[in-house]
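Q: Here you go, one structure.
Derivation of every value follows stated rules applied to the coordinates shown; laboratory data play no part. Being a predicted model, the structure only gives us computed values, none of them experimental. No Cβ is skipped: glycine too gets one built from the backbone with ideal geometry, and neighbour counts run over all protein chains shown.
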């Protein structure tokens, strides 16, 4: 078995190798046309699910499994990702096609999904050179992201067999309760500010007016762009949390990741991308409003996004602190939890 290292992948981290012969045997049994020896590399951009590029001759596949260690309830659901990607199909071209799903832990130690390999560039801590040649590229990729979000939210779930993907009634209430529970499981110390924000969110929770398919973590670095076309998202990744719910939760979460020139608070501290030339949060909201979905109470949804992000950071940090991973990036997250909660409180004060 060789290690395949292309431009957007790297060698597998030392503590994230798996039983490659077992995986190769399973893939050749369940996916037609795979010949020759298997080579493996790893996508290092994400912090949670383990994502690998698995190659046979000139044919690449993507294999995704949950991370090592304790898994929060409902998180890292590979079966859900397979179900969603199998249904989206032609209704939403940025979604990769799911090719197979394995629920047998004995193969590589956890359930995993196999999907098509999409090609393009991802924006993380800088604009890739292939995109930087385009005029106004920051504006163009941002609006492409918003348009893709609106297009996803416009799909009628029943039209593609996803009407039972989730329970839209009470979605926001369950989100609040669920993320609070995840915090309790991931944090062993008292953090009064977290509890304060939680109570404020409960007291000011708006009424949802619309339900649709939501990706649940649709942000810039979960998107891929073709180098010659910054006006269209060519792929969107990480569908394991997709469900039916309030679209403004999706928009608010995106806003919580978005910085702009002149911000007085240190928003999205884990994001290293210089966003001074990107559109403002208000411009994103204005663009999304063209979809016809009501955007009232967007400040509440953005505050919820920051509060939820603090939970994610705590979960990731706990994996490092308890020795479930040696990924040093997760160990550096702890100071950002308090920063993110501070921003949540500031945004919520406007509600």
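Q: Relative contact order of segment 2-116: what whole-number percent is it, with Cα pairs under 8 angstrom and at least 6 residues apart?
A: It rounds to 23 percent for segment 2-116.
Q: Would you mind checking the tilt of helix 137-154 against the longest principal axis of the Cα atoms of the chain, expressed as 0 to 90 degrees and rounded to 10?
A: Around 90 degrees separate the two axes.
Q: Out of 165, 248, 152, any idea which swings most in a Gaussian network model of the chain, alpha carbons joined below 10 Å?
A: With Cα springs under 10 Å in the chain, the top fluctuation among 165, 248, 152 is at 165.
Q: For the chain, what's the relative contact order in percent, using C-alpha pairs closer than 8 Å and at least 6 residues apart?
A: With pairs under 8 Å counted, the relative contact order is 17 percent.
Q: Now for a separate question. So how do 106, 256, 86, 22 line up by other beta-carbon neighbours within 10 Å, fewest first?
A: Ordered by Cβ neighbours within 10 Å, fewest first: 106, 22, 86, 256.
Q: Another question about this same structure. By how many degrees, between 0 and 90 and to the nearest 10, does the Cα long axis of helix 298-321 differ from the longest principal axis of the chain?
A: Long axis of 298-321 versus the principal axis of the chain: about 50 degrees.
Q: Please report, in Å, the Rg and the Dmax of segment 98-197, where both are computed over Cα atoms only.
A: In Å, with Rg to one decimal and Dmax whole: 20.2, 50.
Q: Now, a different point. Determine, for 243, 270, the number of other Cβ atoms within 10 Å of each Cβ, and report the residues in order from fewest to most.
A: 270, 243
Q: Would you please report the Å³ per residue occupied by the convex hull of the alpha carbon atoms in segment 138-215?
A: Convex hull of Cα atoms, per residue: 155 Å³.
Q: Starting from the coordinates of the alpha-carbon atoms of segment 207-351, obtain the Kirkwood hydrodynamic radius over all distinct pairs and give the value in Å to one decimal.
A: Kirkwood hydrodynamic radius for segment 207-351: 16.5 Å.
Q: Would you calculate a helix-derived [θ] at 222 nm for the chain, using -39,500 (n - 2.57) for each DSSP H run of n ≥ 4 and dividing by the full residue count, to the nearest 500?
A: Here the helix-only value at 222 nm equals -12000 deg cm²/dmol.
Q: Sticking with this one: Out of 156, 311, 233, any idea which swings most in a Gaussian network model of the chain, alpha carbons joined below 10 Å?
A: The residue with the greatest mean-square fluctuation here is 156.
Q: Cα centroid distance between segment 17-56 and segment 212-282, in Å?
A: Here the answer is 28 Å between Cα centres.
Q: At 7 Å along Cα-to-Cβ for each site, give me the label-to-label distance between residue 210 and residue 195 in nm.
A: Distance between the two pseudo-spin positions: 3.8 nm.
Q: Could you list log10 I(q)/I(0) for the chain at q = 0.08, 0.10, 0.12 Å⁻¹, which the Debye formula gives when each Cα is one point scatterer?
A: Relative scattering, expressed as log10 I(q)/I(0), comes to -0.38, -0.61, -0.91.
Q: At 25 °C and a viscosity of 0.890 mPa s, what translational diffusion coefficient does Stokes-Einstein give for segment 196-289, taking Rh as the Kirkwood radius over Cα pairs? Give it in µm²/s as a whole number.
A: 160
Q: Helix 247-256: angle to the longest alpha-carbon principal axis of the chain, degrees 0 to 90, nearest 10?
A: The answer is roughly 90 degrees.
Q: May I pose another question? What is the order of 272, 294, 16, fewest Cβ neighbours within 10 Å to most?
A: 272, 294, 16
Q: Taking R0 as 45 Å, what FRET efficiency do you get between residue 276 and residue 163 from their Cβ-Cβ distance, rounded to the nearest 0.05?
A: About 0.60, to the nearest 0.05.
Q: Using only the C-alpha atoms of segment 285-351, find the volume of their convex hull and express it per residue in Å³.
A: Hull volume normalised by residue count: 100 Å³.
Q: Which one, 150, 261, 242, has the greatest fluctuation when you compute a Gaussian network model over the chain with C-alpha springs under 10 angstrom?
A: Per the Cα network of the chain with a 10 Å cutoff, 261 tops the list.
Q: Kirkwood hydrodynamic radius, segment 2-116, all distinct C-alpha pairs: what's the number in Å?
A: Computed over segment 2-116, the radius equals 14.6 Å.
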